[in-house]
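Inspection log for the structure reproduced underneath, given as structure tokens.
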Amino acid sequence: MKILHLISSPQGEASFSVKLGNAIVGELQSAHPDHTLTTHDLTATPFPHLEEAHITSFFTPEEKRTPELVEAVKHSDEAIAELMNADAVVIDTPMYNFGIPSTLKTWIDHIARAGKTFKYDGKTPEGLVKNKKVYLAISSGGVYSEGFMKAYDFTEPYLRAALGFLGMTDIKAFRVEGIKVPGLQETALDKAIQAIEL
């Protein structure tokens, strides 16, 4: 099994999403001793926010790209190749202001490309990133999986929608919640790790 581990928290090993993500990776490694692991820390080596050159390069045929456009498309091509090569993808993400960090959003902007990771067959979109197992490791200061705050969760729903559009529909989400809530924070990580099922 080829595992791709994406980290989007700038807090490193102190991050609860990273701790949960590492636990998921550990379970995958135990279940698949012949695995290979690629870790991409999106905060250490972030993808550039999309600019005009990136957009133009995406929609310019390869043989017609200028040297500038060839350079501009490299990040996207590399990210897509890395994704396509993986059997399992583990995505660590904290909840920031009800959504995902910009580093992770930028990665999605680079992998979501017409003709590469999705296409339109007539009017119906088809995701081209298939046969992947995706595991989300989500951390949040409060509890957003249930109760009145669930309406403010744009983390898991967005990732399921964006990744699903690209063909990645086999998604499991695990949450370490309430890490800022007394009475919950003490056991939040252990509870999340115990809930991991591959």
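The values are calculated or read from the model by the stated rules, or taken from the named source; none is laboratory data. What you see is a predicted model, and the numbers here were worked out from it, not measured in a lab. Here the Cβ is made from the backbone with ideal geometry for all residues, glycine too, and neighbour counts use every protein chain on show. Protein only, heavy atoms only, side chains kept; ligands, DNA and RNA dropped before computing areas. Shrake-Rupley method; radii C 1.70, N 1.55, O 1.52, S 1.80 Å.
Miscellaneous remarks
- Structure-based [θ]222 nm, the chain - -39500 (n - 2.57) summed over DSSP H runs of at least 4, per residue, nearest 500: -10000 deg cm²/dmol
- Ordering of 77-87, 178-188 by packing [mean C-beta count within 10 Å, highest first]: 77-87, 178-188
- Size of the chain as Cα extents on the principal axes (Å, biggest first): 60, 39, 35
- Helix runs (DSSP H) in the chain reaching 18 Å along axis by Cα, Kyte-Doolittle at least -1.0: 16-31
- Zone of A162's modelled label, taken as backbone nitrogen in segment 16-50 under 14 Å from a point 7 Å along Cα→Cβ: 42-43, 47-50
- Cα→Cβ-extended label distance, 7 Å offset, between M84 and L50, nm: 1.9
- Summary of packing: across the peptides 1-7, 16-22, the per-residue average of other C-beta atoms within 10 Å ranks them, highest first, as 16-22, 1-7.
- What the chain shows is 52 Å² of accessible area per residue, with the surface traced by a 1.4 Å probe over protein heavy atoms.
- Packing-based order for 61-69, 25-33, 150-158, using average beta carbon neighbours within 10 Å, highest first: 150-158, 25-33, 61-69
- Cα lying deepest toward the dipole's positive end in the chain, options L128, S57, G21, charges on Cβ: L128
- Each label point was placed 7 Å from the Cα along the Cα-to-Cβ direction; for V70 and K180 their separation is 4.8 nm.
- Mean Cα-pair separation over length for segment 1-127, i.e. relative contact order, pairs under 8 Å, 6 or more apart, %: 37
- Computed extension length for Q194-S30: 57.5 nm, one decimal, from 0.36 nm per residue of separation with the Cα-Cα distance subtracted.
- Net charge dipole, segment 1-124: roughly 320 debye, given to the nearest 20, about the Cα centre with Cβ charges of +1 for Lys and Arg and -1 for Asp and Glu.
- Low-density loop positions, trypsin sites (Lys or Arg not before Pro), segment 95-145 - DSSP coil, at most 10 other Cβ in 10 Å: K123
- Cα gyration tensor category, rounded, prolate or oblate, for segment 134-198 with a/c compared to 1.5: oblate
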